[in-house]
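Just so it is clear, none of the values below were taken in a lab; they were calculated from the coordinates. Since we're looking at a predicted model, the values are computed, not measured. All Cβ positions, glycine included, derive from the backbone under ideal geometry; neighbour counts span all protein chains shown.
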Amino acid sequence: MPPTVLHRLERLPATRSIWRLVVLLSIGGAFEFYDLILTGYASPGLIRSGIFHKGPGGIFGMTDQGTFAAITFLGLFLGTLLLGFAADRFGRRAIFTFSLLWYAVATAIMAAQHSAAAVDLWRFIAGVGIGVELVTIDSYISELVPASVRGRAFALNQAVQFCAVPVVAFLAWKLVPRDPLGIAGWRWLVLIPALGAAVVWWIRRRVPESPRWLVEHGRSAEAERIVSRLEQQVERDLQRRGASLPPAPDILRPATGDPCPPAARLGVFAEIFGPAYRGRTVMLVALNFFQSIGYYGFNNWVPALIASRGIGLVQSLHYSFVIAIAFPLSPLLFLLFSDRIERKWQIVIAAAAVSGTGLAFAAQSQPALLILFGLLLTISTNLLSYSYHAYQAELFPTRIRARAVGFVYSFSRISTVLSSFAIAFLLERAGAGAVFAFIAGAMLMVVVAVAPFGPRTRNQPLEAISR
């Protein structure tokens, strides 16, 4: 990569203009997070409408809710695995736009269905679009912000995206038990994120293509123009403070000293299994597979897990809403240390906290204690989510970043497909305690994968990490 573009990107202080780009990308991601969390909240409404049934009745004899969760993540799996390359091939900006529109249309169609099979089909199609969207956003953010604030950028990204979670929980609490205007509440709940199609073009006009991606594809002139505009915007921000742009840091030229023309830097999928990246790929596959059991094992099943403690439908949705308030607030706490502590150790700490707070949550039956430990567990799962999203986007070069992240991320999706059936079985047969023992075992595997094998990334430019 020509050092001029890289150096100029890395010297940009985190001013209002940089944070605005992160927020805009995160708003697009908020629609996806709304949908990811929707699974657990829409299911009670689908049961109430007679589309889903209580007890075994879905595919493989599992519950309809287990089937609904599994089919969602099967779509996510295929989207991340098979279409992750698209953002490397066609650009971050184009795929960000396309996948959001895909998801919005499929979700709107799902809201009009009247059978479990049709709901599951369109849920699967929407999941494919969501899968490629989140991979693209992670790659996009990591490439736009300087190394010194990359952790904070991902924490802010999740704070904005997680605003969708209490919105889902609140709307489910108010809509699912009712039929506004004679239309089942779950349909309203599902239709709302389809509004993403109305804002996608507005976001697209305000977010530039990744300069790193452009240079890798031989479009250096476009990259120069984008970086120049960013510098002008940042300089205006700094002038308001009486400051100016710092000099470019002396970072990264290729190890050979050869500037390496962009055309020679186009990546291929097989590179993620080459000697340079094989160890990272295997470590991230294990991380993704096991972390999703903890994250979605709780967050996709909050109302059902609370209901298993003897709480009724309306009250379980109410308590779920209170717990969901922690979603957008907890990443703001992470801003305090996100760039001070190595990302790998944040992942390890989070996994241990998920294990401990999950087991404590399973032991409660009093509403106040259920809410307290539900909040602590939510904070722990959010720390795990933010830290590993930032981490996996740092470990590969720009030319293969999206396809590499898509590949390793796909294992979290297939894991959730499998664990959805496992959790449905455990909850039905053995209760919440067995579910959280299962989750604790998965968190131990996260620690085993990351603690000894994860490389350090704190305050290092992307190209230095991936060299």
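Descriptive notes on the structure:
- Only helices enter this figure: runs of n ≥ 4 DSSP H residues, each worth -39500 (n - 2.57), summed and divided by the residues of the chain, yield -23500 deg cm²/dmol at 222 nm to the nearest 500.
- Sorting 227-234, 455-462 by average packing, meaning the other beta carbons within 10 Å per residue, from highest down gives 455-462, 227-234.
- Measuring nothing but how far apart in sequence close Cα pairs (under 8 Å, 6+ apart) lie, relative to its length, the chain scores a relative contact order of 27 percent.
- Cα-based convex hull volume of region 144-198 per residue, rounded to whole Å³: 77 Å³
- The ranking of PHE170, PHE73, PHE321, PHE290 by Cβ neighbour count inside 10 Å, starting from the fewest, reads PHE170, PHE321, PHE290, PHE73.
- Distant-in-sequence amide contacts of THR63, defined by a placed amide H-H separation under 5 Å and a gap of 5 or more residues or a different chain, comprise GLY57, GLY58.
- Descending semi-axes in whole angstrom, ellipsoid equivalent of region 170-248, from the Cα gyration tensor: 45, 19, 9
- Gyration tensor (alpha-carbon) shape descriptor, region 6-57, a/c threshold 1.5: prolate
- Using equal-weight Cα scatterers in the Debye expression, the normalised intensity of region 65-199 in log10 at q = 0.15, 0.18, 0.22 Å⁻¹ is -0.82, -1.10, -1.39.
- Cα convex hull, region 3-92: 140 Å³ per residue, rounded to a whole number.
- By the count of neighbouring beta-carbon atoms within 10 Å, fewest first, ILE311, ILE109 end up ordered ILE109, ILE311.
- Kirkwood Rh (inverse of mean 1/r, distinct Cα pairs), the chain, angstrom: 22.4 Å
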